[in-house]
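Peer 1: First, the structure itself, so that you have it in front of you.
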Amino acid sequence: AIGGALGLLVGLGALAIPGVGPVIAAGPLATALGSTALGAGLGAATGGLIGGLVGLGVPEEEAGYYAEGVRRGGTLVSVASPDDRVDEAVTILNRHNAVDIDQRGSYYRQGGFAGFDSNAKPFSATEIQTYRGQNPNVYRAAGTTSAPAATGSTSAGTTASAGTLGASTTVNEGERVAIPVVEEELQVGKREVEQGGARIHTSVTETPVQEQVTLREEHVTVDRRPVDRAVSDTDLSTFREGTIEVTERAEVPVVAKEARVVEEVVVGKETTERTETVRDTVRRTDVDVDELNTTDTSVTQTMPTKDANTRSNI
């Protein structure tokens, strides 16, 4: 079925992404991959498969887990569904062993995974088979995946947890299976962040000014004029050698400056409070029980997934 689906998609959109390998996609994922490949360059950390998933709203860290899963031989399935058919899409994906991306990312980190490396080579078919054989607790059989198995047995009279179950598990007589119902609670807190403010700069500027002032100056004048008269006693008293000095005086401007405060800029801070409504979604495990018209009793495990719109088999 997978081979037929791939053959159908060949003409719809194929990209060769370094670190991931050939990717065949259709629909919103193909559009996102094409735009990020052209905009950021194939193989770039923000381009390729990770960029396409981020463009669809997947957090970057989770997008790295999806890309790493594809590199290791997994299959990524992206579903764009109207709201009234989301549950149907989730049921179909769960039926085919959809992976909990949080658990898979935790497993990758335990093995030293620090982030998707676009320079790493995709696994070959032989490497995929060997890798899954070395990790039976994660890959129970080629082409199927499940959550890591817990240690312990499920013999008659014992109770097994859902973590030890595959996608379909037979319950023998005397056995009981506990399926945990997980429900998320919304916890809202608050933290302080910087969102603006004011930076006040002071500078000194110079402005040319002018004033008018009246200044007085003294000037010495020497005039010669012809005289013809008899010498008087006064004239005879000055009839000797001597020196007469006349000093000129003048006024000059005196400039002084006085600094005065003409304005004040007052900087303060006030606090206001507002009430904001926080809206989000919480998940809950729903357990559906179907009556089987056979003599065998089996339990089907439904694994919670990270996002109803983006699911994977990796």
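Peer 1: For I92, I50, give me the order by solvent-accessible area with a 1.4 Å probe, most accessible first, ignoring ligands, DNA and RNA.
Peer 2: Details: I92 75, I50 20 Å².
Of I92, I50, the descending order of accessible area is I92, I50.
Peer 1: For the pair A198 and D228, how long in nm is the line joining their label points, each one 7 Å along Cα→Cβ?
Peer 2: Inter-label distance under the simple model: 9.2 nm.
Peer 1: Let me ask another. Roughly what would the spin-label model give for Q187 and A259, points 7 Å off Cα along C-beta, in nm?
Peer 2: It is 5.6 nm.
Peer 1: Here's another thing I want to ask about it. Looking at region 190-249, which GluC sites (Glu not before Pro) are DSSP coil and have at most 16 other C-beta atoms within 10 Å of their C-beta? Working shown, then result.
Peer 2: On the way: sites: E192, E194, E206, E211, E217, E218, E241, E245, E248; in loops: E192, E194, E206, E211, E218, E241, E245, E248.
In loop regions of region 190-249 (DSSP not H, G, I, E or B), the sparsely surrounded GluC sites (Glu not before Pro) are E192, E194, E206, E211, E218, E241, E245, E248.
Peer 1: If you don't mind, another one. Rolling a 1.4 angstrom probe over the protein chains, ignoring ligands and nucleic acids, what is the accessible area of S124 in square angstrom, nearest 10?
Peer 2: 50
Peer 1: Another one. Please give, to one decimal in nm, the separation of the simple spin-label points placed at T272 and A250, each 7 Å out from Cα toward the Cβ.
Peer 2: 6.7
Peer 1: For R109, what accessible area in Å² do you get when you roll a 1.4 Å probe over the heavy atoms of the protein chains, rounding to the nearest 10?
Peer 2: Approximately 120 Å² of R109 is accessible to the 1.4 Å probe.
Peer 1: Counting Lys +1, Arg +1, Asp -1, Glu -1, what net charge surrounds A125 among other residues with beta carbon under 15 Å of its beta carbon? Before the final figure, lay out the partial values.
Peer 2: Details: positive: R71, R72, K121, R132; negative: E127.
In short, +3.
Peer 1: Skipping prolines and chain starts, which residues have an amide H placed within reach, meaning under 5 Å, of the one on R283, given they are 5 or more residues away or on another chain?
Peer 2: Amide H to amide H, under 5 Å and 5 or more residues apart or across chains, R283 pairs with E184.
Peer 1: Could you list which residues have their amide H under 5 Å from that of T75, counting only those 5 or more apart in sequence or on another chain, with H placed in the peptide plane?
Peer 2: Amide H neighbours of T75, under 5 Å, 5+ apart: N313, I314.
The values are calculated or read from the model by the stated rules, or taken from the named source; none is laboratory data. Because the structure is predicted, anything quoted here is derived from the model rather than measured. Ideal geometry is used to build each Cβ from the backbone, glycine not excepted, and the neighbour counts take in all protein chains shown. Quick note on the areas: whole protein, heavy atoms, side chains included, nothing else; ligands and nucleic acids left out. Shrake-Rupley method; radii C 1.70, N 1.55, O 1.52, S 1.80 Å.
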